[in-house]
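> Right, I'll just put the structure down here and ask away after.
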Amino acid sequence: MRPVFYAILGIFAVSALLGWAHYESKERTIVAFGDSLTYGLGDKGDEGYVDKLESVLNQKYETGPIEIANYGIVGQETNGILNQLENPETREEASKADGMIVFIGTNDLINSNGGDLDNLQEAKIHEGKEDYRRNLTSILNTLREENHSAPIHLIGLYNPYPGSSEIERHIDQWNDLNKKLAAEYEGIEFIPLNGVFKNKSKEEYFSDSLHPNEKGYKLIAWRILNGSRLFRESL
């Protein structure tokens, strides 16, 4: 009787192990929404932080392949992401995602001031920030409606002109808005980015006045990975 019992037990053990292995090897998908910084403009390899983060995640976690779908568009503002989310295929992609990244706002800020950050106009920037708040709230609401459980990472803005204390002040204000919005939702994490390029050489880490180069995007990828509690818990 014992040999039969142990044989049956062995079958169950192998089945359980195979089932666990199958679960562990599940393919995971992350969707990333944003502008040229998510698209990867300035990286000669056209990878940006998205492909670098994908590569690091696949090296770090051995639970199955991780793919990041890049929805970044050069010049995009928050209203552009809202337009993307009107596409049923995009919404379906978000609904099935194991994680999401939203990195948006640089163009909202710059364009609220007329297309550059020279001669800052307080009233226009304030108006732009309110539009940004409304749009970003709609984005987060839509993503959470489509997907109730996937962690969402809201990436903060960085100051590409660290010599200007006035620009820094506005960046801080927009980041405070991001942080407060993220805190209103379950499973949405704010990851600050503004300190990443502090005391870093512009020539070494940027391809132009705004966009990082390969080394700069690598810093962003590592900052997202190291700053994300939700990534560590969900992958």
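> If I ask for residues that are of a type in the set (D, E, K, R) and out of contact with any Asp or Glu (no Cβ under 7 Å at 6 or more places or on another chain), which ones from segment 200-235 would you list?
Hits for segment 200-235 are LYS200, LYS202, GLU203, GLU204, ASP208, LYS218, ARG223, ARG232, GLU233.
> Look through TYR158, TYR185 and report the one residue that is among the aromatic types (Phe, Trp, Tyr), part of a loop (DSSP other than H, G, I, E, B), within 25 Å of TYR71 (Cα to Cα) and touching a Lys or Arg at 6+ places or on another chain (Cβ under 7 Å).
TYR185
> Same structure, new question: Which ones in segment 167-223 are surrounded by 15 or more Cβ atoms within 10 Å (Cβ to Cβ), over 21 Å from ILE139 (Cα atoms) and of a type in the set (S, T, N, Q)?
Across segment 167-223, the qualifying residues are ASN194, SER207, ASN213.
> How many residues, within segment 140-156, are more than 22 Å from GLY227 (Cα to Cα) and of a type in the set (Val, Ile, Thr)?
The qualifying residues number 1.
> Of the conditions (1) touching a residue at least 40 places away in the same chain (Cβ under 8 Å); (2) out of contact with any Asp or Glu (no Cβ under 7 Å at 6 or more places or on another chain); (3) among the small types (Gly, Ala, Ser), GLY156 clears all except one; give me its number.
It fails just one condition, (1).
> To continue, here is another question. Considering each of TYR49, TYR61 in turn, give the residue that is among the aromatic types (Phe, Trp, Tyr) and more than 16 Å from the chain's Cα centre (by Cα).
Being among the aromatic types (Phe, Trp, Tyr) and more than 16 Å from the chain's Cα centre (by Cα) holds for just one of TYR49, TYR61, which is TYR61.
> Pairs, please: C-beta under 6 Å, at least 6 apart or cross-chain, first residue modelled with pLDDT under 50 and in segment 11-40, second not polar (S, T, N, Q)?
Between residues of segment 11-40 that are modelled with pLDDT under 50 and residues that are not polar (S, T, N, Q), there is no close pair.
> Next question. Taking segment 132-152 as the search range and keeping residues that are of a type in the set (A, V, I, L, M) and outside any loop (DSSP other than H, G, I, E, B), which one is nearest to the chain's Cα centre (by Cα)?
Out of the qualifying residues, it is ILE152.
> Restrict the check to segment 91-101 and report whether at least one residue is among the polar types (S, T, N, Q), more than 28 Å from SER201 (Cβ to Cβ) and touching an Asp or Glu at 6+ places or on another chain (Cβ under 8 Å).
The answer is yes; a qualifying residue exists.
> Shifting gears a bit: Using beta carbons and a limit of 7 Å, which pairs, at least six apart or on different chains, have the first residue in segment 57-85 and part of a loop (DSSP other than H, G, I, E, B) and the second one of a type in the set (Lys, Arg)?
From segment 57-85, the pairs are GLY64/LYS26; GLY64/ARG28; LEU85/ARG91.
> Right, something else. Is there a residue being modelled with pLDDT of 95 or more and buried (at least 18 other Cβ atoms within 10 Å of the Cβ) anywhere in segment 118-127?
yes
> Return the residue satisfying two criteria in turn: it lies in segment 41-93 and is surrounded by fewer than 18 Cβ atoms within 10 Å (Cβ to Cβ) and hydroxyl-bearing (Ser, Thr, Tyr), and of such residues it is modelled with the lowest pLDDT.
Among those that are surrounded by fewer than 18 Cβ atoms within 10 Å (Cβ to Cβ) and hydroxyl-bearing (Ser, Thr, Tyr), it is THR63.
The values are calculated or read from the model by the stated rules, or taken from the named source; none is laboratory data. These numbers were taken from a predicted model, which means no experiment stands behind them. Quick reminder, even Gly has a Cβ in these numbers, built from the backbone with ideal geometry, and neighbours come from all protein chains shown.
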